[in-house]
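Data block below; observations after.
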Amino acid sequence: MSTVRIPPVLRATTGGRKQIEIAGGTVREVLDQLVAAHPGLAPQLLTGEGELNRFVNLFLNEVDVRHLQGLDTPVAERDTIVLLPAMAGG
């Protein structure tokens with residue numbers, strides 16, 4: 001299982017959980033499982049077409065998946081995914 005770290009701004013939709021263990025062979029599969037378990041995350045993370053929202057940064061083991069294979073990046077059992085939605089303000 002991979003670990004998905006949930007930032008404070010998204011924890012209300014995960015029941016306050018800071019991290020969640022989820023199985024999946026790719027980042028997309030992990031996100032699909034995460035959204036299935038916590039549907040309130042879908043509009044915050046994904047576009048209507050199921051792609052990563054452009055205002056969300058997603059890191060796999062500290063590397064932005066946009067520099068890898070995007071949502072099709074393979075995920076191993078002990079990998080960590082970090083979700084970082086952009087914050088507005090100054």
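Some points to look at:
- In the stretch 1-28, the residues that are touching a residue at least 12 places away in the same chain (Cβ under 8 Å) and under 17 Å from ASP72 (Cβ atoms) form Cβ pairs under 7 Å with partners that are hydroxyl-bearing (Ser, Thr, Tyr) and in a loop (DSSP other than H, G, I, E, B), at six or more places apart or across chains, as follows: THR26/THR73; VAL27/THR73.
- Among residues of the stretch 43-81, those that are surrounded by 12 or more Cβ atoms within 10 Å (Cβ to Cβ), more than 16 Å from THR26 (Cβ to Cβ) and either modelled with pLDDT of 95 or more or not hydrophobic (A, V, I, L, M, F, W, C) (or both), counted: 5
- When the stretch 32-43 is filtered for residues that are under 10 Å from the mean Cα position of the chain (by Cα), in contact (Cβ under 8 Å) with a residue 12 or more places away in the chain and farther than 22 Å from HIS67 by Cβ, only LEU41 remains.
The values are calculated or read from the model by the stated rules, or taken from the named source; none is laboratory data. Worth saying up front: this structure is predicted, and the values here are computed from it rather than measured. FYI the Cβ positions are ideal-geometry reconstructions off the backbone, even for glycines, and counts take in every protein chain you see.
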